[in-house]
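Report on the structure given below.
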Amino acid sequence: MKNLTNKFILIEGIDGSGKSTFAELLFNFLKDKQVPARKFNEPSSYETGLYIRRFLKGEIKLEREEQLEAFIKDREESVEKNILPSLKRGETVVLDRYYYSTAAYQGKDIEDAKRILKKNQKLFPAPDYILFLSISPKKALQRITERNPEKEIFESLPKLQLIDSIFRKTLPESSIYLDSENLLSEALLKEFIARM
């Protein structure tokens, strides 16, 4: 497990792709293998993250640039208090969403997404591994609706299609794509470990 020790592992994907379930499985797998690990989410559990969650639920309205600033502020707090200290202690960090999500969700088109990405990449550490859980927007929306009929602001088919397209055009070539449309999380975990 040397190649997964003291690494920064990012899990990305559109809503409904199974990221959170997969992140939890990977985190538990690392612990079982005696790899010191921590798992974090974006938005964070700090005040900055709770503010974003209010926006996602539609409780408050934010213009596009206000959204970006809110995500950057939350990311600054999470990187400073969670990610960098964990990596310095030799732990592996499993992160559910990062600046690729911000680019995909807040970018109005591919050029805008690249601008957002460039700004974030100057400010924050790059992950060692990027895992993208690949699923069709239609299937993802079906899962979201089954899970909770009250959708968040980005959970519609046209929005998920745009977000998915931006992800695929902005993720680095080194990203690891895992088929979450047809495989359960346990199978995805086996596939990822086999590729390490």
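The values are calculated or read from the model by the stated rules, or taken from the named source; none is laboratory data. If you're wondering where the values come from, they're calculated on a predicted model, not measured in any experiment. Quick reminder, even Gly has a Cβ in these numbers, built from the backbone with ideal geometry, and neighbours come from all protein chains shown. In case anyone asks, the SASA skips ligands and DNA or RNA and just uses the protein heavy atoms, side chains included. Shrake-Rupley method; radii C 1.70, N 1.55, O 1.52, S 1.80 Å.
Mind checking which residues of the range 127-136 are more than 13 Å from the chain's Cα centre (by Cα) and either closer than 16 Å to I52 by Cβ or open to solvent by 10 Å² or more (accessible area, probe 1.4 Å) (or both)? So that I can check it myself, show each step before the final result.
First, pick out the residues of the range 127-136 that are more than 13 Å from the chain's Cα centre (by Cα): 128, 135-136.
If the condition is that a residue be more than 13 Å from the chain's Cα centre (by Cα) and either closer than 16 Å to I52 by Cβ or open to solvent by 10 Å² or more (accessible area, probe 1.4 Å) (or both), then D128, S136 are the ones that fit.
Scanning the range 10-67 for residues being part of a loop (DSSP other than H, G, I, E, B) and basic (K, R) gives a total of 3. Among the residues of the range 166-196 satisfying the criterion of being closer than 19 Å to L141 by Cα and open to solvent by 40 Å² or more (accessible area, probe 1.4 Å), which is modelled with the highest pLDDT? Among those residues, the one meeting the criterion is R168.
Among the residues of the range 96-115, those identified as at pLDDT below 95, open to solvent by 10 Å² or more (accessible area, probe 1.4 Å) and part of a loop (DSSP other than H, G, I, E, B) are K108, D109. Restricting attention to the range 68-95, the residues being free of Cβ contacts under 8 Å to residues at least 40 places away in the same chain, under 20 Å from D15 (Cα atoms) and open to solvent by less than 20 Å² (accessible area, probe 1.4 Å) number 2. Of all the residues in the range 57-67, those that are touching a helix residue (DSSP H, G or I) at 6+ places or on another chain (Cβ under 8 Å) and either at positive phi or without any contact (Cβ under 8 Å) to a residue 24 or more places away in the chain (or both) number 3.
Taking R97, is it at positive phi and under 17 Å from the mean Cα position of the chain (by Cα)? Yes, satisfied.
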